[in-house]
Amino acid sequence: MMANGFAPEGPINSNTEHEGPNVLYSTDPADFRYMTVNVPCQSACPALTNIPAYIRALYESKFGLSYEINRIVNLFPGTLGRICSRPCELKCRHGESELGKPVNICHIKRAAADFRPPGHTYLSPRFAPSGKSVCIVGSGPAGLAAAHDLAILGFDVTIYEACHEPGGMLRYGIPDFRLPRDILSEEIQNVLRLGISLKLGVNVGVDISLETIMADFNAVLVASGCYESMKLGVPGENLAGVYPGLEYVMDVAAGYKESIGKKVVVTGAGFTAFDCSRLALRLGAEDVSICIRGFEEDLRVTHDEILEAKREGIKIRSLSLSKQILGSDKVEGIEFQRTRPIERTSGGRRRVQPIEGSEFVVEADTVIVAIGQAPRPVTGSPGEKNDRGVLLADRKTFQSSTPGLYVTGDYLTGPTTVIEAIASGRRAAERIAQDLTGRNFREWAVRIQDFRITDRDRSWDVLPRIEMPTVLPVKDRFLNEEVVEVESGYSSEQAQEESKRCYLCYLHYEIDVAKCIYCRYCIDNAPRDCIKLVKQVLLDETGAVKELVETTNWLDVNAVVIDNSRCIRCGECVRVCPVDCISVSKVELLERPLVQESKA
């Protein structure tokens with residue numbers, strides 16, 4: 001505790017273990033809460049990637065280390081560096097209103113993959129064999145993530161995949177102009193090299209029953225994703241020229257390139273809708289539009305994806321609700337009704353209301369319906385199912401009603417993002433390992449280390465965000481027979497320049513109130529309102545700081561406190577402090593192995 005009964009603003013460190021001089025690990029709930037608030041990019045990542053650490057490693061030209069910091073938790077840095085939904089960037093402190101645009105975190109991740117040295121050594125610390133076997137149904141991101149972790153933890157792993165190549169939605173649901181197949185194949189191979197057995201072209205439930213598999217393994221994990229496209233439910237949806245979005249993308253990926261005419265209308269607000277529209281241009285369409293019920297700001301894709309689609313000439317028609325698809329034998333157009341926005345749901349999504357008498361028609365040779373996917377039913381399998389025949393399981397434990405049968409990824413939750421599927425697969429693997437062995441193999445902990453003052457230059461705060469370069473001008477993207485990846489990636493110099501913009505939020509600044517002389521030099525020199533005169537520090541139930549009660553009355557001041565949730569880690573406070581009462585530490589949320597205690 002601090003003087004005057006104040007809890008420290010930073011980590012409390014009551015449950016700690018020392019690693020060595022000036023380094024310790026904490027599992028105190030207050031420290032986990034601190035990380036959630038003060039390193040917002042990492043807490044926003046479903047896989048909890050240590051973002052400040054990999055950005056810093058790349059800045060120091062340690063490209064291989066940067067790649068491994070990523071790969072240890074998200075497994076596919078080169079893939080995710082191209083197609084991640086980037087929830088981290090939405091929470092980046094550099095993107096706060098008065099600070100500019102978020103750091104281009106995703107593109108830095110790709111640079112780590114692009115520039116790791118030849119002969120890079122992959123770090124895969126292995127546990128001793130457990131003597132247990134696990135079968136995974138599906139080799140998409142969730143299945144591969146679970147297989148990777150189970151293999152690391154010493155389990156014998158077999159994957160059954162219905163398609164003829166592994167990757168699931170990564171391979172068959174994302175066009176190669178966004179994700180080159182050689183990049184994907186290399187990173188999948190880095191998972192399979194752990195001794196995982198892969199059986200391709202085996203459709204579980206058709207070629208082999210789930211019951212048969214369960215008899216041969218200690219546990220089975222269903223990670224077969226969402227491959228059943230949802231329907232609009234409007235008249236005319238069965239006309240020739242109407243395609244389900246996911247099947248359309250998968251057919252193109254498999255080499256089927258049917259003529260789709262000149263005018264294409266796509267309905268949907270997610271990545272599949274955008275993939276379909278951009279593929280249509282590459283297959284000869286001249287007029288492509290994406291129609292959505294709400295506003296453009298409601299789209300569930302990244303800003304970069306919207307920008308590239310518009311550059312390529314795709315139109316986005318907002319406030320348009322599908323009413324019917326027109327035509328006799330083949331599509332001739334689609335009728336929409338205008339909508340107006342009303343309130344938002346508890347989940348933040350905007351609700352819309354149709355406007356009577358506002359119908360209008362858009363001509364079309366092809367209509368692609370990309371409004372979402374659902375899991376396919378598993379026929380004749382054990383376990384409780386919903387009314388569609390989809391296997392049910394607990395979203396926290398991943399367990400179905402049948403012992404030894406687990407579910408993860410999009411099959412469990414419905415369509416999510418790749419990074420969410422990876423996180424789900426890893427958590428399911430951890431649960432299976434615990435259930436089969438009765439022990440925990442790893443734990444999350446906060447690593448705390450004394451650190452030097454930041455070497456960030458103040459001029460870096462105003463560096464402009466470096467946008468992703470593209471390979472070809474828009475007019476040339478559709479001329480080549482060979483598919484060309486649209487985004488060319490950063491040069492190493494661009495990546496390092498963008499990495500300078502990171503505030504390194506894993507650095508923690510703290511004032512020792514016992515040494516502080518209340519001179520206010522730190523407050524006067526801080527470029528942001530992040531150092532405060534406080535009369536009280538309120539704590540939450542974990543012991544973490546909940547609120548700083550500020551005061552302007554010197555008689556009420558009990559401490560000068562650095563608010564790390566506002567701090568931009570410029571180091572000015574440390575430089576000007578005349579009594580050297582401000583310390584800097586590096587705090588990182590990490591996964592570490594647990595050593596099994598020997599039984600005497």
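General observations
- Selection count, the range 250-263, where residues are at pLDDT 85 or above and out of contact with any strand residue (DSSP E or B) (no Cβ under 9 Å at 6 or more places or on another chain): 3
- No other residue among LEU538, LEU589 is over 32 Å from the mean Cα position of the chain (by Cα) and not assigned by TED's automatic domain parsing to the domain that holds GLY81 apart from LEU538.
- Of the helices (runs of 4 or more DSSP H) lying entirely inside the range 24-70, not one carries at least 2 residues that are at pLDDT 95 or above and in the same structural domain as GLU420 (by TED's automatic domain parsing).
- ARG452 in a loop (DSSP other than H, G, I, E, B) and either under 30 Å from CYS577 (Cβ atoms) or touching a residue at least 60 places away in the same chain (Cβ under 8 Å) (or both): yes
- Given (1) crowded, with 17+ Cβ neighbours inside 10 Å; (2) outside any strand (DSSP E or B), index of the condition VAL534 fails: (2)
- So VAL418, is it surrounded by 13 or more Cβ atoms within 10 Å (Cβ to Cβ), in the same structural domain as GLU312 (by TED's automatic domain parsing) and in contact (Cβ under 8 Å) with a residue 40 or more places away in the chain: no
- Checklist (1) buried (at least 17 other Cβ atoms within 10 Å of the Cβ); (2) over 24 Å from the mean Cα position of the chain (by Cα); (3) of a type in the set (Asp, Glu) applied to GLU359, failing item: (1)
- Helices (runs of 4 or more DSSP H) lying entirely in the range 134-212 (those with 2 or more residues that are more than 27 Å from SER381 (Cα to Cα) and not aromatic (Phe, Trp, Tyr)): 181-192
- Candidates in the range 492-531 are the residues that are in a helix (DSSP H, G or I) and in contact with a Phe, Trp or Tyr (Cβ under 8 Å, 6 or more places away or on another chain); of these, the one that is farthest from TYR67 (Cα to Cα) is GLU498.
- Condition broken by MET468, with the remaining ones in (1) free of Cβ contacts under 8 Å to residues at least 60 places away in the same chain; (2) crowded, with 17+ Cβ neighbours inside 10 Å satisfied: (1)
- Residues of the range 342-390 classified as hydroxyl-bearing (Ser, Thr, Tyr) and part of a loop (DSSP other than H, G, I, E, B), total: 4
The values are calculated or read from the model by the stated rules, or taken from the named source; none is laboratory data. As the structure is a computational prediction, the values presented were derived from the model and not from experiment. For neighbour counting, all protein chains shown are included, and Cβ atoms are generated from backbone atoms with ideal geometry for every residue, glycine included.
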